[in-house]
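Reading through the C-alpha cells given below for one structure.
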Amino acid sequence: MSLLEKAHRILALLEKHYPEFKGGLTNYSTPFQMLVATVLSAQSTDKQVNSITKELFSRFPDPESFASSSIKEIENSISRVGLYKNKAKYIFELSKKLIAKYNSIVPTSITELVKLPGVGRKTANVLLNDWFNIHEGIAVDTHVKRLSYRMGLTTKIAPNKIEEDLQRIIPSENWGRITHLFISHGRAVCKAQKPSCKTCFLLNLCPRVGVLEE
C-alpha cells in the first residue's frame with residue numbers, strides 16, 4: 001500500500017468515526033476574537049482560555065479596544081493562561097498592527113497573518129480553515145504531530161516539515177478537516193500517555209501498534 005493510499009484509508013475511517021467536531025475554544029464571535037483566542041491557547045488548555053474569553057471580549061471586543069488599553073491591563077485580564085505576559089504583548093501589538101496596516105480587518109492569507117505578532121503557521125491555519133474555510137495549509141498541533149508520526153505519515157519533528165509531508169498526501173479540501181479528525185482521535189484513543197491501541201479502529205494501519213502499550 002502506498003503512503004497516499006494509506007492516508008486515504010485513514011482519512012475515510014476517521015471521518016466515519018468522528019462525523020462531527022466539537023472545537024475546544026468558545027466565546028468568540030468574530031475572526032479577530034477567534035485569532036486572539038487561538039493566540040491565547042498556545043501552551044494553555046482550551047478550558048483555561050474559555051474561562052477568560054467571555055469577560056475578555058466583553059471588555060475588549062475589537063482591535064481598537066485592545067490598542068487603546070495597556071499591556072498591563074491586558075495582562076491582568078488574561079493572567080489565568082500560560083505565558084500571559086508574552087501573550088498580552090502580542091495581543092496589544094497585533095491589534096495596533098491590524099489597525100495601522102489592515103484597517104482593523106483580519107487578513108485572509110497565511111503570508112499576511114504570520115506577519116502579525118504572536119501568529120505562527122498553526123494559528124494562521126486554524127483561523128483560515130475554521131473561520132474562513134480557506135485551506136492554505138494544515139494546522140499542526142500536538143495531536144496532529146503525535147498521530148502523524150505514530151501512523152507513519154511522517155518521520156519529521158518540526159511542525160512545518162510535518163505540514164509539508166501531510167500536504168503531499170492529504171487532498172487540499174481536507175486540510176482543515178484532518179486537524180479536527182486527528183484532535184478527535186488523539187483525545188479519544190491515541191492519547192499521549194497510554195493510548196488504547198488494542199481497541200483502535202486504525203490498528204491494521206498503524207506501524208507503532210504493540211510498541212506504544214508496552
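The values are calculated or read from the model by the stated rules, or taken from the named source; none is laboratory data. The shown structure was predicted, so the numbers you read here are calculated from the model rather than taken from an experiment. Virtual Cβ from ideal backbone geometry, glycine too; neighbours counted across all protein chains shown.
Tell me whether the stretch 109-119 contains one or more residues that are hydrophobic (A, V, I, L, M, F, W, C), over 20 Å from P61 (Cα atoms) and either assigned to a loop (DSSP other than H, G, I, E, B) or without any contact (Cβ under 8 Å) to a residue 40 or more places away in the chain (or both).
Checked the stretch 109-119: at least one residue is hydrophobic (A, V, I, L, M, F, W, C), over 20 Å from P61 (Cα atoms) and either assigned to a loop (DSSP other than H, G, I, E, B) or without any contact (Cβ under 8 Å) to a residue 40 or more places away in the chain (or both).
Conditions (1) closer than 30 Å to G152 by Cα; (2) of a type in the set (V, I, T), marked per residue:
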residue: L11; (1), (2): yes, no
residue: S29; (1), (2): no, no
residue: D46; (1), (2): yes, no
residue: R59; (1), (2): no, no
residue: N86; (1), (2): no, no
residue: E93; (1), (2): no, no
residue: Y102; (1), (2): no, no
residue: I105; (1), (2): no, yes
residue: P117; (1), (2): no, no
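Take L35 and tell me if it is touching a His at 6+ places or on another chain (Cβ under 8 Å) and not in a loop (DSSP other than H, G, I, E, B). The answer is no for L35. With respect to being buried (at least 21 other Cβ atoms within 10 Å of the Cβ), of a type outside the set (V, I, T) and closer than 30 Å to N174 by Cα, A42 falls outside the description.
Only one entry of T155, T111, T142, T199 meets the criterion of being closer than 19 Å to L3 by Cβ and surrounded by fewer than 20 Cβ atoms within 10 Å (Cβ to Cβ), and that entry is T155. The conditions of being assigned to a loop (DSSP other than H, G, I, E, B), farther than 16 Å from Y18 by Cβ and out of contact with any His (no Cβ under 8 Å at 6 or more places or on another chain) are met by L153.
A single entry from E5, E64, E20, E15 fulfils the requirement of being of a type in the set (D, E) and farther than 30 Å from C206 by Cβ: E64.
Listed residues K22, K89, K85; which is charged (D, E, K, R) and within 22 Å of T179 (Cβ to Cβ)?
K22
Selection within the stretch 195-214: residues that are in a loop (DSSP other than H, G, I, E, B) and modelled with pLDDT of 90 or more. The member of this set that is nearest to the chain's Cα centre (by Cα) is P195.
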